[in-house]
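Everything on this sheet refers to the single structure shown next.
Please treat every number below as a calculation from the coordinates, not as lab data. All values derive from a computational prediction rather than experimental measurement. Here the Cβ positions follow ideal geometry from the backbone for every residue, glycine too, while neighbour counts run over all protein chains shown.
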Amino acid sequence: MAEAERADVVVVGGGQAGLAASYYLSQAELPHVILDAERRVGDAWRRRWDSLELFSAARYSALPGLPFPGDPQHFPGKDEAADYLEGYAQTFQLPVKLHTRVSSLAGVDGGYRVNTDAGGYQGEQVIVTTGAYQHPIVPAPAAKLHGDVAQLHSADYRNPEQLATDQVLVVGAANSGAQIAEDLAASHRVHLSRGHRLARLPRRLLGKSLHWWGDHLGLLTASLDGSWRGQTQRGDLLIGTSLRQLARRHRVRLVGRTVDAEGRTVRFADGRTLEAEAIVWATGFRSDYLWIGVPQAVDERGLPIHRRGVTQAPGLYFLGMHNQYSRGSSLIGFVRHDAAFIADRIVDRSKGECKRRTGPIPTGPNGPGRS
């Protein structure tokens, strides 16, 4: 095995969570490296659909130490968010290694080895900040559709021009599906397939942004539970335009949950059918932690075992997962709370390791190290 590049801490993932963690590690002057597969910092945001805006106003869309530019009350677009993250890494000279895709993580003497397509890295401690949404979920009925039915997952949707058909079915009525349906409605006949109902809130409430209320009432940082198997998939809120508003203002046709398909025909739980021309599957993502070969950190399903991101594998942490500790855990403006918590654990453990290597500090009548 080739010699691995060494760092006190290896951060896997250079998105908002990884950058926030790096900020705090840099403040503590703890040597570390961030490994990221993208060409540029922020590319995960750049790949989202063109009209996407953050739910949080700019004031609540900043990482620690650097305000988001522009009017604090405006809702930034996805490219603004991407450029902010890239500027953040440059401002604080964070040690990001791009074009570096991680393939495996395993325990070794003295810590962990992280293998990438650009070589190996070894760290005494590791933070996994890749999030829980690596692989798009496409339901089984998709495979039963005729080949001339255009199909896209929300991960690949960019704008209405991608779909040359007159009619589009959007499957999934959570935030992504509702926003994409609204984006398409000006130029297409849109059907929106919904499952269970989601609670809905507007982006502004009584003149204040939703995240202003969440921040001032402590709702976005309050602990969700204390389980070692911290639940990371709870029901979400629908934020912004309601489904009723989509139907009334944008003439989006609401149909039931998609249950089956054959040829061109899509069947819904409410008994209706639709001869589909194009479908956008806004059906979510699944996590992928199977590359982590550390049994104490993931269960038999490959899901993280943690308490606020701290695993039972010494020196191995998760950060930035959806609802990891609070409703703000994966939000760009609130991930700093978990990042600071994890960084404190890392610094404390690093100091403990240093003491074990050097032995106890001699003490005398004048205090530590003096005699």
For the range 8-120, whose charge dipole is built from +1 on Lys and Arg Cβ atoms and -1 on Asp and Glu Cβ atoms, the candidate among Ser51, Pro64, Tyr23 with its Cα farthest towards the positive end is Ser51
Suppose only helical runs count, i.e. DSSP H with n ≥ 4. What mean residue ellipticity at 222 nm does that imply for the chain under -39500 (n - 2.57) per run, divided by all residues and rounded to the nearest 500 deg cm²/dmol? -6500 deg cm²/dmol
